[in-house]
1. Please list T81, T575 in order of solvent-accessible area, largest first, computed with a 1.4 Å probe with all protein chains present.
2. Once phi is turned into θ = phi - 60°, what whole-Hz ³J(HN,Hα) does the Karplus curve with 6.51, -1.76 and 1.60 give for every residue of region 94-107, x standing for Gly and Pro?
3. For D779, what accessible area in Å² do you get when you roll a 1.4 Å probe over the heavy atoms of the protein chains, rounding to the nearest 10?
4. Which pairs in the list K743/K826; K348/K379; K193/K495; K210/K438; K495/K928; K184/K359 are over 24 Å apart, alpha-carbon to alpha-carbon?
5. Could you pull out the GluC sites (Glu not before Pro) across region 837-875 that fall in loop regions by DSSP (anything but H, G, I, E, B) with no more than 15 other Cβ atoms inside 10 Å?
6. Filter the trypsin sites (Lys or Arg not before Pro) in region 840-878 to those in DSSP coil with at most 10 other Cβ atoms within 10 Å of their Cβ, and list the result.
7. Near G167, within a Cβ-to-Cβ distance under 11 Å, what is the net charge of the other residues, with Lys and Arg +1 and Asp and Glu -1?
8. Using a cut-off of 14 Å between beta-carbons, work out the net charge of the residues near L24 (Lys and Arg +1, Asp and Glu -1, L24 not included).
Amino acid sequence: MSAANGKPSTSPYQINLENFAKRLKALYGNWKANKSDLWGDAGALAIATPPASEDLRYLKSSALNMWLLGYEFPETIMVFTVKHIHFLCSQKKALLLEVVKNAAKDAVGADVLMHVKGKGDDGSSLMDTILKSVRALEGEPVVGYLSKEAPEGALLEMWVEKLKNSGLTLTDVTNGLSDLFAVKDGGELVNVKKAAFLTASVMKTHVVPKLEKVIDEEKKVAHSALMDEAEKMILEPSKIKIKLKAENVDICYPPIIQSGGKFDLRPSASSNDDLLYYDPGSVIICAVGSRYNSYCSNIARTILIDANQNQSEAYEVLHKAHDAAIAALKPGNKASAVYMAASAVVEKEKPELVKNLTKSAGTGIGLEFRETGLNLNAKNEKELKIGMVFNVVLGFQNLTTQASNPKSQNFSLLLADTVIVAEKGPEITTSLSSKLLKDIAYSFNEEEEEEPPRAKRRVSEAEAVPTKTTLRSDHGEINREELRRQHQAELARQKNEETARRLAGGGAGAGDNRSSGRSSTELVAYKSVNDLPPPRGEMMIQVDQKNEAILLPIYGSMVPFHIATVKTITSQSDTNRNCYIRIIFNVPGTPFSPHDANSLKNQGAIYVKEVSFRSKDPRHVNEVVAQIKTLRRQVAARESERAERATLVTQEKLVVAMNRSKPIRLSDLWVRPAFSGRGRKLPGTLEAHMNGFRFSTSRSDERVDILFANIKHAFFQPAENEMITLLHFHLHNHIMVGNKKTKDVQFYVEVMEVVQTLGGSRRSAYDPDEIEEEQRERDRKNKINMDFQNFVNRVNELWGMPQFKDLDLEFDMPLRELGFHGVPYKASAFIVPTSSCLVELIETPFLVITLSEIEIVNLERVGFGQKNFDMTIVFKDFKKDVFRIDSVPTTSLESIKEWLDTTDIKYYESRLNLHWRAILKTITDDPKKFIEDGGWEFLNMDASDSETDESESDKGYEPSDVEAESESEDEASDSESLVESDEDEEEEDEEEEEEEEGKTWEELEREASNADRERGDESDSEEERRKRKMKASFGKSRPGPGPSSSSGSSLAKRHKGRR
């Protein structure tokens, strides 16, 4: 920092003069604009800051210091008038404040006057000087001060005494300062977001896991002990891997942990020394608040242990009300609208809980934990503005439920989040910690076979709520398959509930919007007849490249046609050396004809469908045809690119980082999709800038900008068994790479050079040249992988900065050990899961499926004897077609099922491929019936196997799995089948179905021989009899619950499945 005299200062403190000037101007501007309304007609503002204290306190005087100067100046008196700013402070502070003189003069035209108090001086004479200056103001000056702040220390006590005895009129300016602090600027919002990220991280990565561990291990820990541990995590962010300096952070209040029926929802509540209570039906409330650079943030979560129906329903209502309150934080709304929105939800969902709802939905938050004037209650009519920050707190207090233990009978619920009022909608800065019921409700039930279960661990199935995976392992011997089946049953219930809520809210939409009409503008080749090119003398076909038209001689006149109206053009010749040109036009009403605005505008018009011309000059015919085709291709390509660009989402501009000593850069990369053009492809460089990446080659027109905000997923895949190391970006919205529209952009390097051995002779494995070449290839691969890894690490650090936390970006790496082979498009590929996606990034087209967008997975053609199966992925958006990965080896079935189960994706198995388009249409047409009929459980093969004699026509979207014996039933009915089959079905007589099942080989052979004798076929060869025997016994490889036939003519063929 530079002092006023230009000499460098040795002080570790540095006042940001730019912020000081901007905020001083805002202070004087607000004071002038709202002098009578908020500032009590004050002509001078007197703000005195008390001595430093170790106690947690929130004072307007300290807040003004922090807001204006960036630091708190204890025992300092500031007096603002229109022409002067007085500082009464010690010598050390005066030296630090010297730098603001010029900035204050430039900003508001006020002179800064320093009144330095010596060590032995009580400051009385300096105070008199300041008050004398105030009395000299025009008229009868009114002095604004903070009447609600009690003076602390001898200096402030003397100042307040002199102020009250000065004869000046005093007024309180608390409301003025509250209004001044209400709207935060960019720098303040960054501090709030950093504080909120720390707060939510402590809740997610420490408080909740700590509670889980205590409950799981049945430890006895006091609330106060848990509070102390949480406070340490806030004060030392590095312990939870948060890169914030410890000297910049502090707590807003000691963390609050409450349980055991004693709950206090006020911010002033404290954690007592009682032990954490976590028996069934118990409720635990956790609240954490932290500060960064004195800016506050807050979060509160409620944890339910083996909750009953009453508790889970009350929490769901609170969750909805809390979301409604947050949604009402929009610019222009009144503060009262926030509480009214929450109250309306409770009134609608559970009116009996209205009396238990907290009387406020929170307060403003910033330099003060509770900003006066920004209370979110039913009476506050203050208008919400962009940049305001609120601590949205909502709870139910003094609720009761039936329980044997008195500690479980009384409970309360609380939710709190720090929310910024933004232009595009509320921004929840503490969303890192989930408040969904499935994430905060735990089940710790133990059902032991040997000894009767303890009373305190019992809860009925009817009272079960969606819970996290049970943390304690069962004492009984349960194999992995049984555990997976239990988890899948729970997932099925949750998935059906989630789907029902989404369909009830219209989330899946109705109708089929898979294709949309392509609009086109009116085609105009020439605006008037005068624009036509002059005639050439002979009536010949002309091609006007400039106006993109062809002129055809018709009845002695040259008639122009825009090239876009031409559908096809062909030429041919006959034996008389006559050449013919045939031109077919796009005419409305013909199949596959593009929609044209002219067809609507001129509905009664008559169109020329085609014309033919004859010529004796084959050279001219070929030239005309080539010109027309070339022009048509150029125009079509240009219009296609224009149409694709028209659908692109407008994005912000890339902010290029300037003058950086160590740019984040990766060189010699290739890009996919590649740039178009006939020239030689060139490698390029990928650089990370302020808000995105830029890839560029040495050609000026070959450049791709990828903004961080547009990245949905980022992947890094080092070369192991592949030939390339790659970075892949899957985007939210399409961008143009050259003239190609894409959502996937990949940058890669080939780690192995293509080498062709001349002569074709095999080389020895011990050949020194061969060994040296292999070593060079390994070194090259390792170096490339390391370069990519360093780039990824630096970008991950960049994305870890607070301004990018909301984007939640991090490079993901494929988990090769979970990979499997399959056919996602036309060729077999190695498909690999990541932590959030299922990807295939080597072959094109790329495959990137977000796991959170998956509704269910159906494993099809799963059965005895099958070498492979198909994996059908159904998305939550029912308007989107399912995605099917064909021909997955059966050896991968168990690992895929285990992976799906661990990622909480519900899967089903079926023996046939289903007609999913018809199924999804049935669901969207009648979602109520779909839910009433059990939701996705119609896919449950186990349930279907247990039901017999059930017709497939009972439910349009509920096909029952058919066994090998019944696969040959005739399905050539008029009703649409939901099962795809490429095999012709054989007819089966009803009499043959009544035969008993499970015959032995000897019985089948004997029956076949009898049948042969009855038909007189005893003379059949041994080979023919053996074939009949194999055919007859095939159907018994997997007997079903229903009757089966044993005759060779009625047995089912093996289902081939879709190829």
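1. From most exposed to least exposed: T575, T81.
2. Residue by residue, region 94-107 yields 4, 4, 5, 7, 4, 5, 8, 4, 5, 5, 5, 5, 5, 6 Hz.
3. Looks like 80 Å² after rounding.
4. Numbers: K743/K826 20 Å; K348/K379 21 Å; K193/K495 34 Å; K210/K438 18 Å; K495/K928 15 Å; K184/K359 26 Å.
Too far apart for the 24 Å limit: K193/K495; K184/K359.
5. E843
6. Counting only loop positions with at most 10 other Cβ atoms within 10 Å, the trypsin sites (Lys or Arg not before Pro) in region 840-878 are K867.
7. +2
8. With Lys, Arg at +1 and Asp, Glu at -1, the net is +3.
The values are calculated or read from the model by the stated rules, or taken from the named source; none is laboratory data. Just so you know, these numbers come straight off a predicted model, no measurement behind them. Backbone-built Cβ (ideal geometry, glycine too); neighbour counts: all protein chains shown. Heavy atoms of the whole protein, side chains included, go into the accessibility calculation; ligands, DNA and RNA do not. Shrake-Rupley method; radii C 1.70, N 1.55, O 1.52, S 1.80 Å.
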